[in-house]
Amino acid sequence: MAKPIIDIKGITRDFPLGSEVVKVLKGIDLKINKGEYVALMGPSGSGKSTLMNLLGCLDTPTSGSYILNGKDASQMSDDELAEIRNKEIGFVFQTFNLLPRTTALDNVALPMVYAGYNKSERNERATEVLTQVGLADRMDHKPNQLSGGQRQRVAVARALVNHPSIILADEPTGNLDSKTSVEIMNLFDEIHANGNTVILVTHEEDIAEHAHRIIRLRDGIIESDNVNPKPVQQL
Ligand SMILES: Nc1ncnc2c1ncn2[C@@H]1O[C@H](COP(=O)(O)OP(=O)(O)O)[C@@H](O)[C@H]1O
Ligand SMILES: [Mg+2]
């Protein structure tokens, strides 16, 4: 058996809230292999974003272990997490999170600055991924000169730019109309078809149907974890 790219055992995450402790994740075991396409579903407040933030090395668990691509990410310092995040993770958010006064090209190239590439390497690669997401003619546009769907494409290009091991997307279509949502999902399908590991959070069944495996969280535990027998594919 191939070694999983994500190997989580017994993860919990508590948050202190005043004098109380809120137990959000209550013991998660999860293995995800390279090249999988996973949808994470569940009611609002069930812990989806908390789990995604742990998977994306934006946070560390209260207890349990997280082996990401062979490295133990559950015990890392903030600096180590930042480094592994920049190398291994491409994160796409519901609200795009682009720098507002910065062109599409420079937004996409930014993670390469931290990774130590020079300007011509950055521009070449950023141009390549922006072309891949269909924005070859929008590279010099700033976010407010782009539609919601185009902004999310820029965010997807930024997530891809450092050749990450995993693409994580937390409700990537949550701020988009249904037609644009389908276009963005077709883009994720294509990214998956190119060999990437894709994990996305959604509460919409028709979005989740694109994935090949559907995991449902409820109240901080995994309620179900099933193969999707007939993923939507419009390629
Ligand atoms: N930093 C935090 N401090 C306290 N409670 C939090 C924090 N982050 C999340 N929570 C709580 O954890 C629960 C799950 O949140 P979240 O993971 O965002 O759920 P989902 O993404 O499934 O809607 C919620 O009840 C939320 O209020
Ligand atoms: Mg959430």
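Determine, for the chain, the count of lysine pairs separated by eight or more sequence positions (or lying on different chains) whose alpha-carbon distance falls under 13 Å. Please list the in-between numbers first.
Values: K3/K31; K3/K34; K3/K71; K9/K26; K9/K31; K26/K48; K71/K87.
Taking the chain as the scope, the lysine pair count is 7.
GNM on the chain, C-alpha springs below 10 Å: top fluctuator among A159, A193, A169?
Most flexible of the set in this elastic network: A193.
With charges set only on the Cβ (+1 for Lys and Arg, -1 for Asp and Glu), what does the dipole of the range 118-235 come to about its Cα centre, in debye to the nearest 20? Don't skip to the end; give the middle numbers.
Values: 13 positive and 18 negative charges, 84 e Å.
Dipole magnitude for the range 118-235 comes out near 400 debye.
Test of understanding: in a Gaussian network model of the chain with alpha carbons linked when under 10 Å, which of L58, L200, L25 would top the mean-square fluctuation ranking?
L58
Give the percent of DSSP beta bridges with both residues in the chain that are antiparallel, rounded to the nearest 5.
Taking every DSSP beta bridge within the chain, about 55 percent pair in antiparallel fashion.
Most fluctuating residue of G56, G90, G18 in a GNM of the chain with Cα springs under 10 Å: which is it?
G18
For the range 111-127 and the range 214-235, what is the separation of their Cα centres, given in Å?
35 Å
Just from its helices, what would the mean residue ellipticity at 222 nm be for the chain, if runs of 4 or more DSSP H residues each count -39500 (n - 2.57) and the sum is divided by every residue, rounded to the nearest 500 deg cm²/dmol? Present the calculation step by step, with values, prior to reporting the outcome.
Details: 7 runs with 77 residues, N = 235.
-10000 deg cm²/dmol, from helical runs alone.
Once you have the alpha carbon radius of gyration of the chain, what is it after dividing by 2.2 N^0.38 Å, with N set to its residue count?
Numbers: Rg = 17.5 Å, N = 235, 2.2 N^0.38 = 17.5 Å.
Ratio of Rg to 2.2 N^0.38 Å for the chain: 1.00.
Since every read-out is calculated from the coordinates, none of them should be taken as a lab result. What you see is a predicted model; the values in this text were computed from it and never measured. Neighbour counts are summed over all protein chains in view; Cβ atoms, including those assigned to glycine, are modelled from backbone coordinates with ideal geometry.
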